[in-house]
1. What number comes out for accessible area per residue over the stretch 8-118 if the probe is 1.4 Å? Units Å², please.
2. Would you work out which of Phe67, Gly111, Val33 lies farthest towards the positive end of the dipole of the chain, given +1 charges on the beta-carbon of Lys and Arg and -1 on that of Asp and Glu, about the Cα centre?
3. Rounded to the nearest percent, how much of the accessible area of the chain (1.4 Å probe, protein heavy atoms only) is carbon and sulfur?
4. So what's the gap between the Cα centers of the stretch 94-116 and the stretch 39-78, to the nearest angstrom?
5. Does the chain come out rounded, prolate or oblate by the C-alpha gyration tensor, with a ≥ b ≥ c the root eigenvalues, rounded set by a/c under 1.5 and, if not, prolate when a/b is larger than b/c and oblate if not?
6. What is the dipole size for the chain, taken about its Cα centre, with +1 at each Lys and Arg Cβ and -1 at each Asp and Glu Cβ, in debye to the nearest 20?
7. Give me, ordered by chain and number, the residues 5 or more places off Ser100 or on other chains with an amide H under 5 Å from its own placed amide H.
8. Go through the stretch 101-118 residue by residue and turn each phi into a ³J(HN,Hα) via Karplus (6.51, -1.76, 1.60, θ = phi - 60°); whole Hz please, and just put x for glycine and proline.
Amino acid sequence: QVQLVESGGGLVQAGGSLRLSCAASGGIFRLYVMGWYRQAPGKQRELVATISSGGSTDCADSVKGRFTISRDNAKNTVYLQMNSLKPEDTAVYYCNARHSYLRDYNYWGQGTQVTVSS
């Protein structure tokens, strides 16, 4: 029911920045905890950051201080600002929506590739 479409991925040099966007449709956006996850080849998908409808955030230690998650409820969009990118940040980044109350309602976007060159 909920559809998520990521954009903004690409190729960037180490130390550079990218901003990912995730546009949501098909649900009441403000009722969902939004998140970004990533998966590198041969590795499990891992949490990058989450943000509640009220704006509280959590992020992985590996990106703390470099990445910032935000949301614009008027635009039904969540963002991931990525600064000081490192080659180990290379992965497919996935947008996630999880209902704040019905936690089995969990949706994923198709992903966007981020490649960081050294």
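The values are calculated or read from the model by the stated rules, or taken from the named source; none is laboratory data. All figures in this text were calculated on a predicted structure; none of them were measured in a lab. As a convention, Cβ positions derive from the backbone with ideal geometry for all residues, glycine included, and neighbour counts pool all protein chains shown. Heads up: the accessible areas ignore ligands, DNA and RNA and are worked out on the full protein's heavy atoms, side chains in. Shrake-Rupley method; radii C 1.70, N 1.55, O 1.52, S 1.80 Å.
1. Numbers: 5950 Å² over 111 residues.
Here the residues of the stretch 8-118 average 54 Å² of exposed surface.
2. Positive-most Cα among the choices belongs to Val33.
3. Numbers: 2920 of 6420 Å².
Taking all protein chains in place, the chain shows 45 percent carbon and sulfur surface.
4. The stretch 94-116 and the stretch 39-78 have Cα centres spaced 10 Å from each other.
5. Values: a/c = 1.83, a/b = 1.71, b/c = 1.07.
It comes out prolate by the Cα gyration axes.
6. Numbers: 12 positive and 8 negative charges, 22 e Å.
Magnitude of the dipole: close to 100 debye.
7. Tyr32, Val33
8. Working through the residues one at a time gives 10, 9, 6, 6, 7, 9, 10, 10, x, 7, x, 9, 7, 10, 10, 10, 8, 8 Hz.
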